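The values are calculated or read from the model by the stated rules, or taken from the named source; none is laboratory data. Just so you know, these numbers come straight off a predicted model, no measurement behind them. Neighbour counts run over all protein chains shown; Cβ positions are idealised from the backbone, glycine included.
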Amino acid sequence: MIEISDTFIFNTMLKSASFLGLSSGMLGVILSYQRRSIEINALAAGSFVGILVFYLLAGVGVYISPYIFEQIDKYVFSFIGSIVGALFMIVLLHILYKTDRLHMHIIQSLMTAVMLGVGITLITYIRHTGGSLDSGIDIYLFGEKTSLTSEEFVFLRVIATAIVVILLLYFSRLKIVVFNKDIALTTHFHTSFYYFLVNIMVICLVAFSIKIMGVFLSVSIFLIPAVTARLWSNRLFIIMITAGLIGAVSGALGTTVSGLLGNITLGISITLILAVIFIISLIISPYKGILGKKLYSGGK
């Protein structure tokens, strides 16, 4: 067994995955009740394309003015590209929603497929060109335990903590937006502000999740904790706290498993841990579990 508990990289990624899991799990509850879980796939795909486009632009900039662009770390380009890509996708999705031509889930799935196709094409092009741009792009597919720098971890910790605080402070108002949207509109409640606030939080977390979880598995850190928590309670606040704890624990355990085994990526290991917790909850949870419900009701 490899001793990893004292290494700086392991400790950094352990904390990063835990912070991401806590904030994503809590925010995922809001998104699941808004029926926007599949939208995370589209945002991750858009973020993925944004990163690759900025990589290419950085390469062109280095060619034109190497003194300026070579002084900027690659993670700066990747984070800006991720934010811009996710922002572009969320704007595009909301424009398509207003057309009322297709169901929102069809739009989300369609845009996910299109952007993933564009992303894979860009990766192929980057690999054929070679050079320094080719290094490190694989981490955006399934995540990697060494993907975050110390600066990115500090930023992630600040963002994740701010999101948790916002969700707790504005919980009652977000609940009105989720469950009483029509009533909120008739009472001049600022629903647009809270939708905007949720979108900003989603974009920030997707920008980090794509490096830790990968573009294909980013949705799992948002969706699975929320779905699992709903098996244990019917109260929204309890569900949100439970989802956050499930996400944090899964992030920590997934990082540990990935570090011990060495040949499994971080995104896959966290998703497997989340899947195990979900299956166990589906079986033994007292209210909605397959066996737990029967035991709770006395076998009736």
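For the stretch 196-216, which residues satisfy the criterion of being within 20 Å of residue 268 (Cβ to Cβ) and surrounded by fewer than 24 Cβ atoms within 10 Å (Cβ to Cβ)? Residue satisfying the conditions is 216 alone. Return the residue satisfying two criteria in turn: it lies in the stretch 94-109 and is in contact with a helix residue (DSSP H, G or I) (Cβ under 6 Å, 6 or more places away or on another chain) and of a type in the set (A, V, I, L, M), and of such residues it is farthest from residue 39 (Cα to Cα). In this case the residue turns out to be 96.
Answer yes or no as to whether residue 278 is aromatic (Phe, Trp, Tyr), closer than 24 Å to residue 161 by Cβ, at pLDDT 80 or above and in a helix (DSSP H, G or I). Give the steps one after another, and end with the answer.
Values: aromatic (Phe, Trp, Tyr): yes; closer than 24 Å to residue 161 by Cβ: no; at pLDDT 80 or above: yes; in a helix (DSSP H, G or I): yes.
Spelling it out, it is not the case that residue 278 is aromatic (Phe, Trp, Tyr), closer than 24 Å to residue 161 by Cβ, at pLDDT 80 or above and in a helix (DSSP H, G or I).
Restricting the stretch 147-170 to residues that are modelled with pLDDT under 80 and of a type in the set (A, V, I, L, M, F, W, C), which is surrounded by the most Cβ atoms within 10 Å (Cβ to Cβ)?
Taking the stretch 147-170 as the starting set, the residues that turn out to be modelled with pLDDT under 80 are 147-153.
From what is left, the residues that are of a type in the set (A, V, I, L, M, F, W, C) are 148, 153.
Numbers: 148: 25, 153: 17.
Looking at residues that are modelled with pLDDT under 80 and of a type in the set (A, V, I, L, M, F, W, C), I get 148.
Would you pick out the residues in the stretch 250-266 that are hydroxyl-bearing (Ser, Thr, Tyr) and in a helix (DSSP H, G or I)? Steps first, answer last, please.
Taking the stretch 250-266 first, the residues hydroxyl-bearing (Ser, Thr, Tyr) are 250, 255-256, 258, 265.
Hits for the stretch 250-266 are 250, 255, 256, 258.
Look through 101, 36 and report the one residue that is among the basic types (Lys, Arg), surrounded by 13 or more Cβ atoms within 10 Å (Cβ to Cβ) and either closer than 20 Å to residue 198 by Cα or modelled with pLDDT under 80 (or both). Working first, answer last.
Numbers: 101 fails: surrounded by 13 or more Cβ atoms within 10 Å (Cβ to Cβ).
Answer to the selection: 36.
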